[in-house]
1. Could you work out the helix-only [θ] at 222 nm for the protein assembly as shown, with each DSSP H run of four or more residues adding -39,500 (n - 2.57) and the total divided by the number of residues, to the nearest 500 deg cm²/dmol?
2. For helix A:115-126, report the angle its Cα long axis makes with the longest principal axis of the Cα atoms of chain A; keep it between 0 and 90° and round to the nearest 10°.
3. Just checking the output field for B:246-255: average partner chain Cβ neighbours within 10 Å of each residue's Cβ?
4. Sorted by average packing, counted as other Cβ atoms within 10 angstrom per residue and highest first, what order do B:199-211, A:88-100, B:65-77 take?
5. Can you compute the label reach from A:Arg60? Point 7 Å from Cα along the Cβ direction, backbone N cut-off under 17 Å, restricted to the range A:1-33.
6. Using only the alpha-carbon atoms of the protein assembly as shown, report the extent along each of the three principal axes, biggest first, to the nearest angstrom.
7. Give the value in nm², to one decimal: projected area of the alpha carbon convex hull of the range A:230-326, averaged over all directions.
8. Could you pull out every residue, at least 5 positions away or on a different chain, whose amide H is within less than 5 Å of the one on A:Gly174? Hs are placed 1.01 Å off N in the peptide plane, and Pro or chain starts have none.
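Please treat every number below as a calculation from the coordinates, not as lab data. The shown structure was predicted, so the numbers you read here are calculated from the model rather than taken from an experiment. Counting neighbours? That spans all protein chains shown, and the Cβs are built from the backbone with ideal geometry, glycine included.
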2 protein chains.
Amino acid sequence: MRYILGIDIGGTNLVVGSVAEDGSALHALHSEPTQPERGAESVLERLMHLARQAMVDTVRIDPGAEIVGIGVGAPGPLDTKRGIVLLTPNLGWVNMPLLDKVHDALGLPTTLDNDANCAVLGEWWRGAARGCQHAIGFTIGTGIGGGLIFGGRLYRGASDCAGEFGHVTIDANGRRCNCGNYGCIEAYASGPAIARRAVEAIESGSESRLASYVNGDLGQVSAQTVYDAAHDGDELALEVVRDTAKYLGIGVANMINIFNPEVVVICGGVTLAGDRLFTPLRREVARRAFKPAVSVCRIVPGELIGSAGVYGAARSFLEQRGLVHA
Amino acid sequence: MRYILGIDIGGTNLVVGSVAEDGSALHALHSEPTQPERGAESVLERLMHLARQAMVDTVRIDPGAEIVGIGVGAPGPLDTKRGIVLLTPNLGWVNMPLLDKVHDALGLPTTLDNDANCAVLGEWWRGAARGCQHAIGFTIGTGIGGGLIFGGRLYRGASDCAGEFGHVTIDANGRRCNCGNYGCIEAYASGPAIARRAVEAIESGSESRLASYVNGDLGQVSAQTVYDAAHDGDELALEVVRDTAKYLGIGVANMINIFNPEVVVICGGVTLAGDRLFTPLRREVARRAFKPAVSVCRIVPGELIGSAGVYGAARSFLEQRGLVHA
């Protein structure tokens, strides 16, 4: 069996695994914290170690394995063709020739793609959007990204930068976003934005037990803390989750009115909130989008928790090398 | 030469013309006011008269002409496959079997498509988006619609209702829209919305000479009145046009961040405002969208004034009948 090594470089975790060419198996899934503060050389060194380990393990698991190439997913903006990471605030990388570095270290044909594209491509290939012609995916974490599948192919746009769903304006005069703009959905529904809205409410006097989850240090509140407190019934946390659902619902409704897709997949930690998120989200979508488009569209959490990016990086390799046909 | 009769049914005008199969010529362009208040039978009767006249004129102009089919563009929502106009508030039609009626009256193979799809398809085939792989079009009139071209093909979505750009939320808690929702771009930048914002400002005490354009009857102010007054230097009208540019700029920036297209075409009467609209619109887009996507994207007015829908209806016929290949 031929395999592609999928590499998913995130701001929080590095994930590596071997994906069978036909998508039927994922072996040797390895992961470790990115720790970008240790510098780019450290990240790359540990990543290469992880990759070699995964390659060895793959052959141990399937003695007939042949690893034919490497697909890398990284945060952008990228120059995909030249294999360069132009700028990644979360990693602190500028003009990093990532493709060459991976290729030189591992000696196999390598491709590079946007991490959000990879996650959505993975969910389309082997996850929640399997079998769909037209699918939209949101990736929600430190930032909000996205990917578009039309006619069973990843859509990349005129200059490889389609899918910046996080920077769709949903409130013309709204909150300031990290991108410098106002009212982007990322300023409301990314992980840090979720935490920030909760902390702001507490600082304005709202009652909440959130502080007790972080030893009183509100600077330590994360989206995860908010979900935990919501799970325990904290009223403010529940309200923040409901508002998040409303904002995401606006973003999803916009996409449904624009694209009329068969499925919208929501990927990322935010899906941990489960029905507490999805029930009000679907309600907001039904309120805002057109019925003939809503009625044909599933809105679902990603299925490939922790591995969508690896599957998608491998699939992107196959697509870029012309090894799959629609 | 083989021709397709293109029919564009608008709330204001009926337009008909014969388009050469290769798009190289448009003959016998005829138009008359729709006058929907005279009832559906009257509209259809006059439309069929116009169509027959165009067919006769086509053969008069090109004695070798063969008219092989009819493409109809109509406001939706439609059931394209069955050829039925499900509901058009502007015409007052419900479940109108338009395709059968046209086919029975004229005796030629007929297809039906959404009017906004047709306008954008026309601009892509023979107008401002000619030669592009990835194009987005806004149609701005009584409502706001849109169309998407990916890989040189019209994208229709999972159930033929992609392209509802007018109902993308740009202000989560904003103005109420005719669709029942809040903050849709249509509630800010459609023709009636432009007029309404001007009238509201006057009613709240803003100085303006707008009333003098309509014999003091503010109920008669239209978007056209606002453009005329802006042209004459009326401050309030200029402000309304600038705000319109801002709202449209948000809508266009959203599309650029999502799709990374080569061109965004703005169709409809709003383009009459010219640079007074496009200069601040492009400025707003540059402020809101990502530079690598903005830098590859032209934002231009439609070129086929009064005929985009006819060209596009003919092209849609060719596409639906499998007579063109990408």
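1. That comes out to -12000 deg cm²/dmol.
2. Once rounded, the angle reads 80 degrees.
3. Mean partner shielding for this stretch: 3.
4. The most tightly packed comes first, giving B:65-77, A:88-100, B:199-211.
5. Under 17 Å, as judged by backbone N against the label point of A:Arg60, lie A:16-19, A:26-32 of the range A:1-33.
6. Principal extents (largest minus smallest coordinate, Cα): 78, 61, 40 Å.
7. Mean projected area for the range A:230-326: 7.5 nm², to one decimal.
8. Under 5 Å from the amide H of A:Gly174 lie the amide H atoms of A:Gly183, each far enough along the sequence or on another chain.
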